[in-house]
Structure formats: structure tokens, C-alpha cells
Amino acid sequence: SGFPRAVHESNAVLGLSNRLCRLLGSRLFWGLPREGASPVTGTPVRPALWEPLPGAMARARLGLDPARMTILVFGGSQGARGINREVPRALARVAAAALGRLQVLHLAGARNAEDVKAAYADAPLKAVVLEYLDAMQDAYSAADLVICRAGASTLAELCCQGKPAVLIPYPSAAAGHQEANALLFKRAGTAQVVLEGELATRLPALVSDLLFSEHGEAVLRAMRESYRNIALPPPMRAAARLADAVEALAAERP
């Protein structure tokens, strides 16, 4: 029919459906920068995430101690079995040496919260465990460090908030796209990457180093500042840039 077609790929590699759409002549727009990828529009996120709240205010809203170092843990709206199982164990080891300075907000996913609460029960740290949280702007703002998957929407939200992260790519993601996403952020300097099978061996020392070592604050500050290296449009411009591109494409129709 001669209609122009547009595809938005929010990951660092093309998914199968988008590869097929591209073969049909669709114009491709990228949510993340990659070599040879153009144009980069970013991935739109809702406006509530555009501006961080003061950390102490966000922690108080969530029932956390406003003064403690805070880790946000989540695996997506449905949770993540590997993260829910291994991260509480790892953070219990960190907390044992943190002398009451650490707390965690863990979003466990539907029907997983009670098991995750039990996993934290004997750990020497304050843990707020929820199934799900609509107000993710509060969760991000409360956090000094985020431990999460490397899905494209999550990474777009991290960019909005400028949060240092430990990324745990979903091991079964199609074409390994979450690992590709995570490595892009690691190269930019905004995140560390830990594979799911390495959580027990690597995560405790890494978190301790980032939050409680002599150089930890300088490293976290550098990670926050490194978001500029990803070279994405400002979050409030991502939707507008994508809309402008689609309108320009529509105008090309004969």
C-alpha cells in the first residue's frame, strides 16, 4: 500500500521480529547507541522518572532509614528467581561487616515477597520487601546503588536517574541482548556487570567495595557522572525525538 514503516529497537541488538521488519523496508530507530546505529532516539519513559527526588525524602516515603546506605534490588515486574535467591545471601554477607549502615529495598515480583522476606530474616540489615511498586521514581531516588536486570526499559530509567548499578543480565534473553545492553553501560563507566552464575562469588566483595571502601564514594560519583558517556537524548526529549522522526517519515509518503 505504500505506507512507510518505522521500527523502534530499544535494545543494543536487533530482536528477531525487528530484523524481519527491517527486511521489509522499515526505517529503524535505536533506543541505545551502538556502532553504526543511527538515528538514536532513546527509549521514552514516563515523566515521573525524569527528575530524582532528594534521597532522604524518598527513603522516608518507603519506610527506610533516611540516613543509611540503600540498595535497590529488582528483577522486573515479575521478579527474577536467580536474583531473589542469591542477592539476599550476598547482601547478608555485606551487612555483617557494614555495622548497621546498610539497608535494602527489594522488589520481589508477584507471589515472591514472602520467600524473599524469609531470606532476609536473619540478615543484620533493614530490608523492605515488596511485590511491586508503581512509584519507581521513589525507589530509584532512595538508592545509592541499584542491582537489577539489563532490560532496555530499566536501562532507560537508570539513565533518567543517573544511578550507579550492578547489572545482572537475564541469562535466557533472546540473542543475549541483555548482556549486550549491560556491556554497553559497563564500557560507558556507569555500571558493573555480574553474570547470574557469579552472584555468590563476586557480588558481596563488589558491593562492599562500592559502598564501604575508602574510594567507594569517588567510584560511585564517577559512575553517576559517566551517564553522559552514553550520549542519549535527555529523557524528556526521547518521546519527542521519536515522534518527530515518525512524522518526518510519514511526510515522505508519495
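Where Rh is the Kirkwood radius over the Cα pairs of the chain, the temperature 4 °C and the viscosity 1.567 mPa s, what D in µm²/s does Stokes-Einstein return? Display every interim value, and only then the final one.
Details: Rh = 19.1 Å.
The estimated diffusion coefficient comes to 68 µm²/s.
Derived scalar couplings between HN and Hα for the stretch 170-181 equal 5, x, 9, 4, 4, 6, x, 5, 5, 5, 5, 4 Hz in order, rounded to whole Hz, by the Karplus curve 6.51 cos²θ - 1.76 cosθ + 1.60 (θ = phi - 60°), x for Gly and Pro. Among the GluC sites (Glu not before Pro) found in the stretch 194-254, those both in a DSSP coil and sparsely packed, with 13 or fewer other Cβ atoms within 10 Å of their Cβ, are 214, 252. At a probe radius of 1.4 angstrom, the accessible area of the chain per residue rounds to 48 square angstrom.
Okay, helix-only estimate at 222 nm for the chain: each DSSP H run of n ≥ 4 adds -39500 (n - 2.57), divide by all residues, round to 500 deg cm²/dmol; what do you get? All intermediate terms of the calculation are to be shown ahead of the outcome.
Values: 10 runs with 111 residues, N = 254.
Per the formula, -13500 deg cm²/dmol.
Once each part is reduced to its C-alpha centroid, what is the distance from the stretch 220-236 to the stretch 239-254 in angstrom? Distance between centres, Cα-based: 27 Å. The calculated FRET efficiency for residue 50 paired with residue 231, based on their beta-carbon distance and R0 = 30 Å, is about 0.95. Taking the accessible area of the chain, probe 1.4 Å, and keeping the other protein chains in place, the carbon and sulfur fraction comes to 52%.
Of the trypsin sites (Lys or Arg not before Pro) found in the stretch 109-191, those in coil by DSSP whose Cβ has at most 14 other Cβ atoms within 10 Å are 111.
Close amide H contacts of residue 123 (hydrogens built in the peptide plane, cut-off under 5 Å, sequence separation of 5 or more or a different chain): none are found.
With a 10 Å cut-off between alpha carbons and a GNM built on the chain, which of 43, 201, 70 moves the most? Of 43, 201, 70, the Gaussian network model singles out 201 as fluctuating most.
Taking the chain as a Gaussian network of alpha-carbon nodes connected by springs under 10 Å, the highest mean-square fluctuation of the residues 159, 148, 21 belongs to 21.
As an exercise, use a Förster radius of 41 Å and the Cβ-Cβ distance of residue 122 and residue 23 to find the FRET efficiency, rounded to the nearest 0.05. For residue 122 and residue 23, the calculated efficiency is 0.15. Rg and Dmax, both from the Cα atoms of the stretch 138-246 and both in Å, are 14.6, 49. Close amide-amide hydrogen proximity is noted between residue 69 and 103, each under 5 Å apart and 5 or more residues distant or on a separate chain (H modeled in the peptide plane; Pro and chain starts excluded). For residue 13, the solvent-accessible surface with a 1.4 Å probe is about 40 Å², rounded to the nearest 10.
The GNM of the chain, with springs linking C-alpha atoms under 10 angstrom apart, assigns the highest mean-square fluctuation among 133, 145, 99 to 99. Taking a straight line from the alpha carbon of residue 117, these lysines sit under 29 Å away, with near neighbours fewer than eight places off in the same chain left out: 126, 163.
The values are calculated or read from the model by the stated rules, or taken from the named source; none is laboratory data. All of these numbers come straight from a predicted model, not from anything done at the bench. As a convention, Cβ positions derive from the backbone with ideal geometry for all residues, glycine included, and neighbour counts pool all protein chains shown. All accessible areas refer to the heavy atoms of the entire protein, side chains included, with ligands and DNA or RNA removed. Shrake-Rupley method; radii C 1.70, N 1.55, O 1.52, S 1.80 Å.
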